[in-house]
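Student: Once you've had a glance at the structure underneath, I'll fire off some questions.
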Amino acid sequence: MKSLEQEQFRREGEVNEEKEKPINQLASLAHDDWRAPRKIEGTDEYEPRIKQVKDQEWIERHDGQTEVDIANTPYSELPSEWQAENRASAE
């Protein structure tokens, strides 16, 4: 049986997730708007924009890679520091 504290923590997480959803959607749209002019005609690719990555979890998930092409990476797959830029604009 779950404790009252565990249940409250779970509910707070769900509320925060709901609050974050529109911010993340707008941040994703902003990222897509930013990269749209970089689209290479006749392809699904964009002119690259390479950035350094500090997000250690992202680096570990990407086999130690410390750079990301933010133009060819969807918002949902960006390292946290590059998502944060878009989120700040969305907020």
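Student: Which length gain, in nm to one decimal place, applies between E67 and E91 when the Cα-Cα distance is subtracted from 0.36 nm times their residue separation? It would help to have the intermediate numbers written out before the result.
Tutor: Details: separation 24, 0.36 × 24 = 8.64 nm, distance 2.60 nm.
Full extension from E67 to E91 adds 6.0 nm.
Student: Could you order the peptides 29-35, 82-88, 45-51 from most to least packed, using the average number of other C-beta atoms within 10 Å per residue?
Tutor: 82-88, 29-35, 45-51
Student: Excluding G64 itself, calculate the net charge of residues whose Cβ lies under 14 Å from the Cβ of G64, where each Lys or Arg counts +1 and each Asp or Glu counts -1.
Tutor: Values: positive: K54, R61; negative: D55, E57, E60, D63, E67.
For residues surrounding G64, the net value is -3.
Student: Using a 1.4 Å probe and counting only protein heavy atoms, arrange E60, E81 so the residue with the most accessible area comes first.
Tutor: Descending accessible area places them as E60, E81.
Student: Send over the per residue convex hull volume for the stretch 38-91, Cα only, as a whole number of Å³.
Tutor: About 88 Å³ per residue, rounded to a whole number.
The values are calculated or read from the model by the stated rules, or taken from the named source; none is laboratory data. The model shown is predicted, which means the values in this text are computed figures rather than measured ones. No Cβ is skipped: glycine too gets one built from the backbone with ideal geometry, and neighbour counts run over all protein chains shown. Keep in mind that these areas ignore ligands, DNA and RNA; they rest on the heavy atoms of the full protein, side chains included. Shrake-Rupley method; radii C 1.70, N 1.55, O 1.52, S 1.80 Å.
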